[in-house]
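Here's the structure we're looking at; comments come further down.
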Amino acid sequence: MRHRIAVVGSGPAGLTFARVLHRHGYPVAVLERDPAPDARPLGGTLDLHEGLGQLALDKAGLLAEFQALSRPEGQAMRILDADGTVLRDWRPRPDDRANPEIDRGQLRDLLLGPLDVQWGRSVTQVVPGTRDGVLVHFADGRQETFDLVIGADGAWSRIRPAVSSATPHYTGVTSVETSLDDVDTRHPDLARLIGDGSVAVYGVNRSLVAQRNSGGHVKVYTKFRAPLDWHTHLDLADVEAVRSSLLALFDGWAAPVLDLLRHGTAFVPRPFYTLPVSHTWTHVPGVTLLGDAAHLMPPLGAGANLAMLEGAELAESIATGPGDLDEAVRAFEEQMWARASRWAKITTAGLERLVSPDPTQALALFDQVQPA
């Protein structure tokens, strides 16, 4: 008998889980609160690592399609001093496929494929251990039961309270994101500054990174240490007020770097939250978590990769295992916790170095990760 399985959330973790199960002919309900795939912006580009995100896509039978869509040249990284001096200018080899970039929208469409996502199904709570299985409560008042419910619903997961009392805490670092469109035509000087991949500038307790997406779109991320209420004197909907505040924060930096802010079209604050580095829970039959719902960590390139691989591994365990659903989930959780803990320690230490009182720490970290 096939198990009744639901995954909550249609991000990289949930869709990879569902796609691998689908490949094995296994039904799964994908429950997503957004009313449609394009209901909100999905964010910038992702670099998918060979042994993580790319491995997950291989398990889903999608690696070749990913390789056709991805941008290996997007791995390029240029680092500047605050005065505009080029400190590093790393470019990948033509055959380098270690961490190629792909837009989040392209990745979502690739994973969606034949999946039948239930859009507009907002889950408010899950109750394990009922007579008929795990009871799922929806915002519209409806209820449904499943044998297994997987929370892949991100940092503020509605599924997490069923297994853990942990809540995300603020790291002390905030990012404010803006973007530029049609950069090669409208801002050719900035296009040359950014190159094929990213340009990063590090200062005292602050940084600025501009990253090329496909189609001439560029995402710009400022990061700085500040209290959570740093913006109370600002109307965040006032684009010019936020722009002026950021320009003051980065005052004295090279004019081309500041132009990335001067030409930004809108500004979105994104405070960085994390869960405890070694977040685990006492196993609860019928419920588990993937990705940020399980191990929210600083956004330094690991989160989506881990989430996708976890989704693929759990799906494989369910589809090809001996049939004991609960034992498959137990074994998966132990494996996930160990790997996620290692990455959480790495990314937490990385954030400390990338937004540091000593900007040379960021450069040293780059040299460790991407030696010349």
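The values are calculated or read from the model by the stated rules, or taken from the named source; none is laboratory data. Nothing here was measured: the structure is a model prediction, and the numbers come from that model. Neighbour counts run over all protein chains shown; Cβ positions are idealised from the backbone, glycine included. Accessible surface is based on the protein model in full, side chains and every heavy atom, while ligands, DNA and RNA are left aside. Shrake-Rupley method; radii C 1.70, N 1.55, O 1.52, S 1.80 Å.
For Cα pairs less than 8 Å apart in space and 6+ apart in sequence, what is the mean separation divided by the residue count of the chain, i.e. the relative contact order in percent? Please report the intermediate quantities before stating the final value.
Details: 742 pairs, mean separation 82.8, N = 372.
Across the chain, relative contact order equals 22 percent.
The largest accessible area among M297, M77 belongs to the first residue in M77, M297, and the rest follow in falling order (1.4 Å probe, all chains).
In summary, the convex hull built on the alpha carbon positions of the chain has an orientation-averaged projected area of 18.7 nm².
DSSP bridge analysis restricted to the chain gives an antiparallel fraction near 75%, rounded to the nearest 5. Per residue, the chain exposes an accessible area of 44 Å² to a 1.4 Å probe, with every protein chain left in place. Taking Cα atoms only, the orientation of helix 12-23 departs from the longest principal axis of the chain by about 40 degrees.
When the helices in the chain are scored as -39500 (n - 2.57) per DSSP H run of 4 or longer and the sum is shared across all residues, what 222 nm value do you end up with, to the nearest 500 deg cm²/dmol?
-10000 deg cm²/dmol
Sequentially through the stretch 108-116, phi angles give Karplus couplings (6.51, -1.76, 1.60; θ = phi - 60°) of 4, 5, 4, 6, 4, x, x, 5, 9 Hz, Gly and Pro residues having no value and appearing as x. Look at where the Cα atoms of the stretch 243-260 and of the stretch 38-115 average out, and the two centres are 28 Å apart.
The C-alpha atoms of the chain define a longest principal axis, and helix 360-369 lies at about 50 degrees to it. Between the Cα long axis of helix 239-249 and the first principal axis of the chain there is an angle of about 70°, rounded to the nearest 10. Available extension along the chain between A139 and L228 is 29.1 nm, counting 0.36 nm per residue and deducting the alpha carbon span. Model label points for D358 and E240, set 7 angstrom from Cα along the Cα-to-Cβ axis, are 4.3 nm apart.
Split the accessible area of the stretch 220-325 by element, probe 1.4 Å, and carbon with sulfur accounts for 55%.
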